[in-house]
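Q: One structure, as structure tokens, below. Some questions next.
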Amino acid sequence: MSLSGALERAPRRERARFQLERLRAVVARVHERVPFYRRRLGEAAVAPADIRSLDDLRRLPFTTKDDFQATYPFGLLATPLDDVVRLHASSGTTGTPTVVAYTRGDLDTWSDLMARTLRAGGVGRSDVVHNAYGYGLFTGGLGFHYGAERIGATVVPISSGFTERQLLALRDFGATVLCCTPSYSLHLAEALGAAGIPPSALRLRVGFFGAEPWTEEMRRAIETRLGLTAFNVYGLSEIVGPGVSVECEEHHGMHVHEDHFLPEVVDPATLEPVAPGVTGELVLTTLTKEALPVLRYRTRDLTVLDPEPCRCGRTFARIGRITGRTDDMLIIRGVNLFPSQIEQVLLAVPRVEPHYLLVLRREGALDALEIRVEAHPDVVVAGEEAVRGLADLVQRRVREAIGIAVGVTVVPPGSIERSPGKARRIHDLR
Ligand code: AMP
Ligand code: ZN
């Protein structure tokens, strides 16, 4: 077993020792080099020497997306730009972009972590990795690229989009591993069907899907349609990009690479840690980043933390599926609702396709939600009554499961916009 494999399985107590060492080093580093953190630590009345146990993590100040924006572009850097060899930016669609930076050492660590991520799905030298995450400022493309190269697999750096070309590459280069957003994998499956290429004509074995929320129902759809085993991968640019956590073969939560990132889950209102298994906001602290170390980053992602060792033998804590973001919660007639809850209901209805859009409108003083969802072609062929029947059924299921009345429009296959990257699920007309 490689050194890193042994590390992933080390007893918690053993690991805690060097995590503490790393935590102390990172606090000292930002205190010395980043005026923003020196000020924040001062305000919190914590000095680097006060970090004596991992529990002292809780005394450290939080970092938020606003802090990144207020210090845009380079205010959080702990190295001179001369030592920075790469920049990326978050794919956020609103406001100032978030710029992140990497030293040579950071890229090296990140490649190792991405190699570890791919190995969790059994990827090795003989694999052909079809990497359809976007190359560019987005961290997905280059993150997976260097991880796959580090393993010695064959990388096809196809990036996102140009779906027709993707189909030929998938088939002709014998791709065994697919990397892209879950929504784009379904689009690829659809396009393969339209081109008359059955999954059996492909050699796909595993896929690594992340960068956007998805559900177990979506996993089943992807696995059936592409004939592969799907792995959930989670990460974010502020922390490193992909490579923060990944599922193991148990598919029961994603192991956080705890030798490089310390996870906490807190109540977003009180900012106090919640008990294992209770949903809260994921907070991450980087332990080894050189250019951009981050203390207690509030990800806005909602999940649960499970510190128990896993059946696979790894002792790294696991986070559950991301069920929503603190900023994508909808409040429909007083009911708090995340798009993923709707997805779960929709995809459990037979003859509904995994493509949907939530349209929000203001009706008087109330917010109204319309679900637009695609039907299987058979439903459309069967005629208007079948379409109406399906819409009624979806409406009923949503009311039963979530307790709200929503409008449902069943639309023909292919009519909801496909994205080569993160799917847009909400159309807000308010
Ligand atoms: P970016 O920094 O642009 O790559 O976006 C990171 C964000 O994408 C995260 O904060 C999450 O909201 C989302 N994300 C990434 N991976 C996943 C995943 N596996 N499941 C759900 N959301 C994810
Ligand atoms: Zn495991």
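Q: If you build a Gaussian network model of the chain, linking Cα atoms that sit under 10 Å apart, which residue out of GLU223, GLU258, GLU308 swings the most?
A: GLU308
Q: Work from the charge dipole of the chain (Cβ charges, +1 for Lys and Arg, -1 for Asp and Glu, about the Cα centre) and give the residue of PRO273, VAL26, GLY313 farthest towards its positive end.
A: VAL26
Q: Rounded to the nearest 5, what % of DSSP beta bridges with both residues in the chain are antiparallel?
A: 60 percent
Q: Between PHE68, HIS427, THR215, whose Cα lies farthest towards the positive end of the dipole of the chain when Lys and Arg beta carbons carry +1 and Asp and Glu beta carbons carry -1, centred on the Cα centre?
A: PHE68
Q: Just to verify a number: FRET efficiency for THR326 and ARG13, C-beta to C-beta distance, R0 = 45 Å, to 0.05?
A: Efficiency, rounded to the nearest 0.05: 0.85.
Q: Dipole of the chain, Cα-centred, from +1 at each Lys and Arg C-beta and -1 at each Asp and Glu C-beta, to the nearest 20 debye?
A: 500 debye
Q: Shifting gears a bit: List the residues of segment 16-38 whose backbone N lies under 17 Å from a point placed 7 Å from the Cα of ARG59 along the Cα-to-Cβ direction.
A: Answer for this model: 20-32, 38.
Q: How large is the charge dipole for segment 1-150, taken about the Cα centre, if only the Cβ atoms of Lys, Arg (+1) and Asp, Glu (-1) carry charge, to the nearest 20 debye?
A: It works out to roughly 460 debye.
Q: Considering the Cα positions of the chain, please state its Rg to one decimal place and its Dmax as a whole number of Å.
A: 22.3, 72
Q: Continuing with the same structure: Subtracting the Cα-Cα distance from 0.36 nm times the residue separation, let me have the gained length for ARG171 to GLU384 in nm, one decimal.
A: Working it through step by step, the gained length comes to 72.9 nm.
Q: At 0.36 nm per residue, and after removing the present C-alpha to C-alpha distance, how many nm does the segment from ALA191 to ASP267 gain when stretched out fully?
A: 23.2 nm
Q: Taking segment 330-428, how much of its Cα-Cα pair set, in percent, is spaced more than 22 angstrom apart?
A: So the pairs more than 22 Å apart make up 26 percent of the total in segment 330-428.
Q: Starting from the Cα-Cα distance between GLU308 and THR224, subtract it from 0.36 nm times their residue separation and give me the gain in nm to one decimal.
A: Gain on stretching GLU308 to THR224: 27.2 nm.
Q: Send over a whole-number figure in Å² for the accessible area per residue of the chain, probe 1.4 Å.
A: Spelled out: the 1.4 Å probe surface of the chain, per residue, equals 43 Å².
Q: Given a 1.4 angstrom probe, I'd like the percentage of the accessible area of the chain that is carbon and sulfur, rounded to a whole number.
A: Summing carbon and sulfur atoms, their accessible area is 52 percent of the total for the chain.
Q: Once phi is turned into ³J(HN,Hα) by the Karplus curve 6.51 cos²θ - 1.76 cosθ + 1.60 with θ = phi - 60°, what whole-Hz value does each residue of segment 171-184 show in order, with x for glycine and proline?
A: Each residue's phi maps through the Karplus curve to give 6, 6, 8, x, 4, 10, 10, 10, 10, 5, 6, x, 5, 5 Hz.
Q: Let me ask something additional. Taking 7 Å along the Cα-to-C-beta vector as the label spot, tell me the ARG424-LEU366 distance in nanometres, rounded to one decimal.
A: Result for the modelled spin labels: 2.8 nm.
Q: Based on the Cα atoms of segment 283-373, what semi-axes does the equivalent ellipsoid have, where each is the square root of 5 times one gyration tensor eigenvalue, given in whole Å with the largest first?
A: Calculated on Cα positions only, the semi-axes equal 34, 20, 12 Å.
Q: Rg and Dmax in Å for segment 216-353, alpha carbons only: what are they?
A: Final numbers for Rg and Dmax: 16.1, 50 Å.
Q: May I pose another question? Between ALA25 and ARG38, what is the label-to-label distance in nm when each label sits 7 Å out along the Cα-to-Cβ direction?
A: 2.2 nm
Q: Still on this structure, please answer the following. Gaussian network model of the chain, Cα springs within a sub-10 Å range: biggest mean-square fluctuation belongs to which of GLU190, GLU164, GLU374?
A: GLU164
Q: Mind running the shape call on segment 13-141? Use the C-alpha gyration tensor, a ≥ b ≥ c as the square roots of the eigenvalues: rounded below 1.5 for a/c, prolate if a/b tops b/c, oblate otherwise.
A: In terms of gyration-tensor shape, oblate.
The values are calculated or read from the model by the stated rules, or taken from the named source; none is laboratory data. None of these values were measured; they are calculated from a predicted model. Cβ coordinates were reconstructed from backbone atoms using ideal geometry, including for glycine residues, and neighbour counts include every protein chain displayed. Side chains included, ligands, DNA and RNA excluded: accessible areas come from the protein's heavy atoms. Shrake-Rupley method; radii C 1.70, N 1.55, O 1.52, S 1.80 Å.
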